[in-house]
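Here is the structure we will look at.
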Amino acid sequence: MNFQETCMLILLIASNFVSLQSLNTKQFPANFMFGAATAAHQIEGGWKEDGKGENIWDRIAHSTNAIHNHENADIACDSYHKYKDDVAMLKYLSVDHYRFSIAWSRILPTGFSNHVNEAGVNYYKKLIKALQSNGIKPMVTIFHWDTPQTFENIGGWTNEMIIDRYVDYSRVLFETFGGDVKYWLTFNEPKQICQEGYGAGIKAPGIMSHGFGEYLCAHNVIKAHAKVWHMYNKEFRNKQQGQVGITIDSMWMEPETNSEVDILAAERKMQFTFGWYANPIINGDYPAVMKEFIGRRSILQGYNKSRLPAFTTDEIRYIKGTIDYLGINQYTAMLVRHINDTDKTEISWEADSETFEYQPDYWEATVSDWLKVTPWGMRKQLNWIRATYGDIPQIITENGYPDNGTVSLDERRINYLKQYLSGIRDALDDGVKIIGYTVWSLMDNYEWYRGYSERFGLYRVDFTNPERTRTPKLSAEYFKNVSSTKCIVYVSECIDEVVK
Ligand code: PNW
C-alpha cells in the first residue's frame with residue numbers, strides 16, 4: 001500500500017467511525033420487513049407484446065421530444081422476459097417482500113374490463129408464483145402512473161368516468177391474484193400523478209392546467225381509492241385476508257427559520273402535499289388549511305366558488321378510514337419560507353399554499369436535481385405522520401439514491417441508505433409504528449422524463465446489451481446484509497435490542 005492509499009484508508013476508517021457515532025445501530029425487530037421496489041412501466045418492456053395496450057408513457061415517449069435523449073421504455077429492463085432473473089436477485093438480497101406494479105393495459109389492453117388479456121395475466125401469475133416459491137411476499141401497486149391511452153383521450157384522471165373503470169380493473173386483479181397477494185397499494189404517489197401530470201404538466205400526460213387540473217384529478221383519485229378499498233372490504237377481505245393501502249409521497253418540509261410564520265408555512269406545505277391525500281383517506285376531507293387558502297384565493301380571484309372541489313357529507317363519510325396501512329415514499333427535504341402574497345393573483349397549486357421552498361447548496365447533492373441527502377427528514381416525517389394521523393401502520397414503500405450509470409457513486413448510496421435507515425430506527429424508538437422498508441430500486445430502470453440518465457438500482461443494468469445484463473453494485477451487498485441481519489452495520493456492531 002503506498003502513502004496515498006494508506007491515507008485514504010485511514011480517512012475511510014475515520015469517517016466510518018464518526019458516522020457510526022451518530023447512527024442508531026439497534027437491530028430492527030424480527031418481523032420488520034425489508035424489501036425492494038420497481039414499477040411495471042419502468043422495468044417490463046414488451047410494450048406492445050402479447051396484446052398489451054398503449055399507455056400514456058408509451059404515447060409521450062413515442063410522439064414527443066419530452067423525454068431525455070428521446071429514450072423510451074419499449075424494452076427497459078426486459079423484465080417481461082427476465083422476471084426469473086429479477087426473482088433470483090431478490091432472493092440473493094434476502095428480502096422479505098417485493099413491491100412491483102401491474103400494468104393496467106397489459107391486463108386490460110384498452111383499460112376496459114370487457115376483454116382480459118390472458119397473456120398479461122399469465123405473466124403476473126408466473127411472477128407471483130416465482131416469488132412465493134422463494135419465500136418473497138408480493139406487494140402489488142395497482143396503479144403506478146401508466147394510464148391506458150384510451151382513457152387519456154377523454155381526460156384521464158380529470159374525467160370521473162375513470163373511477164368506475166379503475167374499480168373494474170381492481171376487481172379483475174383481486175379476483176385473479178387476490179388469493180396470493182396480501183399487500184395491495186391502490187396508487188403510487190397521487191401527488192405526482194395529479195400535480196405533475198395535470199397541473200404543472202411535467203409528467204405524462206403533460207397537461208398544464210395550473211390550479212384546476214390537479215385538484216380535479218386528485219378528487220377522482222381519492223374517490224377511486226375509497227371505492228376500491230370498500231369493494232375489497234366487502235367482497236374480498238374475508239376470503240383473502242389481505243390489506244389495502246396507498247402510497248403517498250412528500251418531501252419533508254422544514255421551516256427555514258424559527259419564526260412563527262415559517263413554522264406555519266412548513267406545516268401548511270406538508271398539508272398541501274401529504275395531507276392533500278392522507279387527510280381525506282384517513283379523516284374524510286381535505287385539510288382545513290387547504291380549504292381555507294384555496295377558497296380565499298379563489299374568491300379574491302373572482303371565482304364564485306373554490307377551485308378545490310368539495311366532497312359531500314356522504315362522500316366524506318364514505319372516504320373516511322379507507323386504509324389498512326400507509327405507504328410512504330420519502331427521499332428528501334425542503335426548507336420552507338412563508339410568502340407574504342398580498343395580491344394573490346397567481347392561479348396554481350404552488351401559489352395556493354403561499355409558501356416558497358428550496359434546497360440549500362450546502363446540503364449534499366445527488367445526480368437528481370430534486371434530491372438532496374437529508375436523512376434527518378425521514379425521522380421527522382414519520383413522527384409527523386403519527387402525530388397528525390395517529391397510530392396507523394406505516395411502511396416505507398420507496399427510498400433510494402441515484403447515480404448516473406458512469407461514475408460509481410455506490411459508497412454514497414450505501415451511506416445514504418445507512419443514514420436513512422438509522423432515522424427510521426430512531427422513529428421506531430420514538431414509538432412510530434413502522435412495519436417495513438422498501439428500497440427504490442431493485443435495479444436501474446426507466447426514470448420517466450429522465451430516461452436512463454438517473455439510476456436508482458442496487459443492480460446495474462446494461463441498457464446497451466440486448467441481454468440487459470444485471471450486475472450487483474456494492475450497495476446490493478450492503479442491502480443484503482441489512483435485510484438478512486436486520487442490522488444497518490456489521491452484525492457485530494449491532495445492538496441487539498427488541499423494540500416493544
Ligand atoms: C418516485 N419527490 O417518484 C416514483 O414512485 C418512482 O417511479 C421513481 O422512479 C422514483 O421516485 C425516483 O424518482 C418520486 O419529489 C418523484 O420527493 C419525486 C419525489 C419523490 C418520488
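None of the figures in this text is laboratory data; all of them are computed from the coordinates on show. Keep in mind it's a predicted model, so treat the numbers as computed, not measured. FYI the Cβ positions are ideal-geometry reconstructions off the backbone, even for glycines, and counts take in every protein chain you see.
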Fill in the blank from the handout: Rounded to 0.05, the calculated FRET efficiency for the beta carbons of I339 and E49 at R₀ = 60 Å is 0.75
Completion exercise
Residues other than D249 with Cβ under 12 Å of its Cβ, Lys/Arg counted +1 and Asp/Glu -1, net out at -2
Exercise for the section: Please give the peptides 187-195, 282-290 ranked by average Cβ packing (other Cβ atoms within 10 Å per residue), highest first, as a rough proxy for protection. Expected result: 187-195, 282-290
Practice task
Obtain the nm distance between the two label points defined at T471 and Q301 by a simple spin-label model: each point lies 7 Å from its Cα along the Cα-to-C-beta direction.
Solution key: 5.1 nm
Problem - Largest to smallest principal axis extent of the C-alpha atoms in the stretch 140-282, angstrom - result: 53, 35, 18
Fill in the blank from the handout: Output ordering of 240-246, 297-303 (per-residue mean of other Cβ within 10 Å, highest first) is 240-246, 297-303
Exercise for the section: Using every Cα-Cα pair within the stretch 297-372, state what percent have a distance larger than 17 Å. Expected result: 68 percent
Handout entry: Size-normalised alpha-carbon gyration radius of the stretch 223-332, reference 2.2 N^0.38 Å
Key = 1.27
Handout entry: Within the chain, percent of DSSP bridges classed antiparallel, to nearest 5
Key = 20 percent
Problem - Quarter of the Cα convex hull surface for the stretch 113-183, i.e. its orientation-mean projected area (nm²) - result: 5.2 nm²
Exercise for the section: Once you have the Cα-Cα distance between E118 and E292, take 0.36 nm times their residue separation minus that, and quote the gain in nm to one decimal. Expected result: 57.8 nm
Fill in the blank from the handout: the stretch 342-447, convex hull of Cα, quarter of hull surface, nm² -> 9.5 nm²
Handout entry: Stretchable slack from H68 to D429, in nm (0.36 nm times residue separation minus alpha-carbon distance)
Key = 125.7 nm
Fill in the blank from the handout: In units of 2.2 N^0.38 Å, the Cα radius of gyration of the chain is 0.95
Practice task
Go from 0 up to the bin containing the longest alpha carbon distance in the stretch 73-167, width 10 Å each, and give me the % of pairs per bin.
Solution key: 15, 42, 29, 13, 1
Handout entry: Radius ratio Rg over Rh of the stretch 195-274, counting only Cα atoms, Kirkwood formula for Rh
Key = 1.13
Exercise for the section: Let me know the Rg and Dmax you get for the stretch 287-422 when you use only its Cα atoms, in Å. Expected result: 19.1, 55
Handout entry: Helix-only [θ]222 nm of the chain, DSSP H runs n ≥ 4, -39500 (n - 2.57) each, per residue, nearest 500
Key = -12000 deg cm²/dmol
Practice task
Quickly rank 325-336, 342-353 as a protection proxy: mean count of other C-beta atoms within 10 Å, highest first.
Solution key: 325-336, 342-353
